[in-house]
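I have placed the structure first, in the form of structure tokens, so that the comments after it can refer back to it.
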Amino acid sequence: MGITKDGIKGEKMLFTLLRKWGFSFFQPDAMGLKDNESYLFEAKHQERFVAPPFDGHGLPRWQVKARMDFEKRTGIKSVLVIFDKETDEIFYQSLARLEEGRHYDTYGKKPRRIYPLTSFKKVL
């Protein structure tokens, strides 16, 4: 078994154990520390959502809830980073700031919360 397969197997085993122990958990894409402040990062490599009601990017609503609950409990800021598949642009913003502003919820098989492009900062 290769390193990647072993790593995935180990993660699955850990998740099973954590559930057995009664933990609620999620898997962030990265954790970081800068200027003595901790951050949780959620990264998406995706196509943009096209208007109406606006052009934007987002993530599954359950991820918004899990990360915002985590931030409220721990004080660790959650940051959404988007790698736009079509334009190669990189957008980022604090999830709390995104939640304070305008957003649009989709429904169906994979419900998502979409934020307008204007709510993000752009890496230049």
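The values are calculated or read from the model by the stated rules, or taken from the named source; none is laboratory data. Here the structure is a predicted model, which means the values were calculated and not measured. Cβ atoms come from the backbone with ideal geometry, glycine included; neighbour counts cover every protein chain shown. Quick note on the areas: whole protein, heavy atoms, side chains included, nothing else; ligands and nucleic acids left out. Shrake-Rupley method; radii C 1.70, N 1.55, O 1.52, S 1.80 Å.
Kindly indicate the residue of the stretch 20-37 that is among the charged types (D, E, K, R) and either modelled with pLDDT under 95 or under 25 Å from LEU95 (Cβ atoms) (or both) and also surrounded by the most Cβ atoms within 10 Å (Cβ to Cβ) among those meeting that condition. Per the criteria, the residue is ASP29. Residues of the stretch 93-120 that are open to solvent by 30 Å² or more (accessible area, probe 1.4 Å) and either in contact with a His (Cβ under 7 Å, 6 or more places away or on another chain) or in a helix (DSSP H, G or I) (or both): ARG97, GLU99, GLU100, ARG113, LEU117, THR118, SER119. Residues in the stretch 1-15 that are surrounded by fewer than 10 Cβ atoms within 10 Å (Cβ to Cβ) and part of a helix (DSSP H, G or I): ILE3, THR4, LYS5.
If you scan the stretch 41-60, which residues turn out to be of a type in the set (A, V, I, L, M, F, W, C), touching a residue at least 40 places away in the same chain (Cβ under 8 Å), open to solvent by 50 Å² or more (accessible area, probe 1.4 Å) and more than 17 Å from ASP29 (Cβ to Cβ)?
Within the stretch 41-60, PHE49 is the sole residue that qualifies.
Residues in the stretch 61-92 that are open to solvent by 40 Å² or more (accessible area, probe 1.4 Å), charged (D, E, K, R), touching a residue at least 12 places away in the same chain (Cβ under 8 Å) and more than 18 Å from PRO28 (Cα to Cα): LYS85, GLU86, GLU89.
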